[in-house]
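The block underneath contains the structure these notes are about, expressed in structure tokens.
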Amino acid sequence: MKSLDELTSHCIRCGFCLESCPTFVETGEETESPRGRIYLVRSADEGKIAWEETRPHLDQCLGCRACETACPSGVEYGQILEIARDRLEREHPQRAKAALLDGLSHPGKLKLQLFLGKMLPGTKIPGLLSRMLSGEAPEADKPNPQPMYSWAELDESALPPVKGEVYLLEGCVMRVLFPGVHQATRRLLRRVGYTVRETEAGCCGSLHLHVGYLDKARSYAEKLAAAMPDDLPVIVDSAGCGSTMKEYGSLEPLALSLRSLEPLALSLKGENSGLKAQGSGLSAFSKRVFDITEFLLANGLVEELAKTNLTTKITYHDACHLAHSQGVRSQPRQLLEAIPGLQIVELQEADTCCGSAGIYNLIQPKMARRLLERKWRNIEATGADLVVLGNPGCHAWIAQAAREHKSAVRVVHTAELLESAFSGLPG
Ligand code: SF4
Ligand code: SF4
């Protein structure tokens, strides 16, 4: 992992990033811009201001990384934000935030919270914790888990022969809230000749990494890599998780340096059994990670989609951690364009954050709401029947806007839409 000094030194203060930043566009404040935040972080790192002074401005940042796309100087803003938030949490820990993350990133605890919320109306544990953090009522609804789809069993005789296996990140939020997305993903993988090798792998550490718990994120990363040891592709259908997993390498140098101390510590105790300093293999693991749309496009799904038909009008929202972090923009569009009958209307500001941003809509409800309403106005202007996207946070948040506006517009994951071309849109 690079140092804050090195990372922030690449900012030449040109300001090209300002208009790409949703919080700067909404407020017009330099301190709510990428350039302003980088300056504050550098000042805190140099000891010119207290770290606590950066908190309101780092908290207001969505971590959407639109500024990275706009930056001509290659500033790695995502890393700056992660390291700065980690420093801030170490110096001034927020226990409510840690508890909120713990509840969301553990499938069992998330299910329990949803169960309690159903049994005891008014028991909203995430809401309680977010009120402790922001002092405001959260804008996000209590999530409503999606049922599995009643699609007919796949007809093996009509499918191509199996040519390989992949791992699939089941994760935590997607597994609990949107199981139908994994169902669609598995079916699409089989349609291009791949089956899923089952694992007990859990959270990827994405939520922790993005809000400043680097040690916890590293621990999740190492567990996940260990649970998927063979040299198989790792498929991810959640933009935030895929972005984190593709950048696990940035967590590795510290893991390496800590590990390199182990033989020394053991030999000092007279217990050196020949243990060699080894990397955690996180960089190598990252190279095996693919967003589902990248993998399907590279493995011939376009040809299969050309034999289907789906008559409906859609628009596509670019999840920040697909478009800005992973550069995955054309792949989902190419797959969608391959479906005969599908009318695609381009969304204005398609790659501007919707305000969901991990736990942002729980801890920064006012700004999250402003961005959601902006996104919703653009969606309505398309006249589309469906909004297609690739991330569970955006999915739940934009679906909430549709409910509040009493709109018939439905929100679906790209994998659900693609599978619907073969199996029919679920009712
Ligand atoms: S565009 Fe890049 S170099 Fe220019 S101010 Fe923004 S972060 Fe700094
Ligand atoms: S990550 Fe998004 S909200 Fe944060 S500074 Fe960059 S563009 Fe602005």
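Looking across the range 149-182, the residues that are surrounded by fewer than 17 Cβ atoms within 10 Å (Cβ to Cβ) and either in contact with a Pro (Cβ under 8 Å, 6 or more places away or on another chain) or closer than 25 Å to residue 285 by Cα (or both) come down to 150, 151, 162, 163, 164, 165, 179. Can you find, within the range 159-188, the residue that is modelled with the highest pLDDT among those that are among the β-branched types (Val, Ile, Thr) and over 19 Å from residue 300 (Cβ atoms)? For the range 159-188, the residue satisfying everything is 181. The range 1-51 holds helices (runs of 4 or more DSSP H) entirely within its bounds, and those carrying 2 or more residues that are within 12 Å of ligand 2 (Cβ to nearest atom) and open to solvent by less than 20 Å² (accessible area, probe 1.4 Å) map to 22-27, 34-45.
If a residue must be open to solvent by 20 Å² or more (accessible area, probe 1.4 Å), within 18 Å of residue 238 (Cα to Cα) and touching a residue at least 12 places away in the same chain (Cβ under 8 Å), how many such residues does the range 328-380 contain? Summing the residues that are open to solvent by 20 Å² or more (accessible area, probe 1.4 Å), within 18 Å of residue 238 (Cα to Cα) and touching a residue at least 12 places away in the same chain (Cβ under 8 Å) in the range 328-380 gives 7. For the range 338-374, the set of residues classified as among the β-branched types (Val, Ile, Thr) and modelled with pLDDT of 95 or more consists of 339, 344, 345, 352, listed by residue number.
Mind checking which residues of the range 1-42 are acidic (Asp, Glu) and within 7 Å of ligand 1 (Cβ to nearest atom)? The answer is none; no residue qualifies. Restricting attention to the range 381-406, which residues are over 16 Å from the mean Cα position of the chain (by Cα) and touching a residue at least 40 places away in the same chain (Cβ under 8 Å)? 382, 383, 384, 385, 386, 387, 400, 403, listed by residue number. Residue count for the range 60-76 satisfying the condition of being touching a residue at least 60 places away in the same chain (Cβ under 8 Å), open to solvent by 30 Å² or more (accessible area, probe 1.4 Å) and in a helix (DSSP H, G or I): 3.
The values are calculated or read from the model by the stated rules, or taken from the named source; none is laboratory data. Quick caveat: nothing in here was measured; it's all calculated off a predicted structure. Every residue, glycine as well, gets a Cβ built from its backbone with ideal geometry; the counts of neighbours run over all protein chains shown. Only protein heavy atoms, including side chains, enter the accessible area calculation; ligands, DNA and RNA are left aside. Shrake-Rupley method; radii C 1.70, N 1.55, O 1.52, S 1.80 Å.
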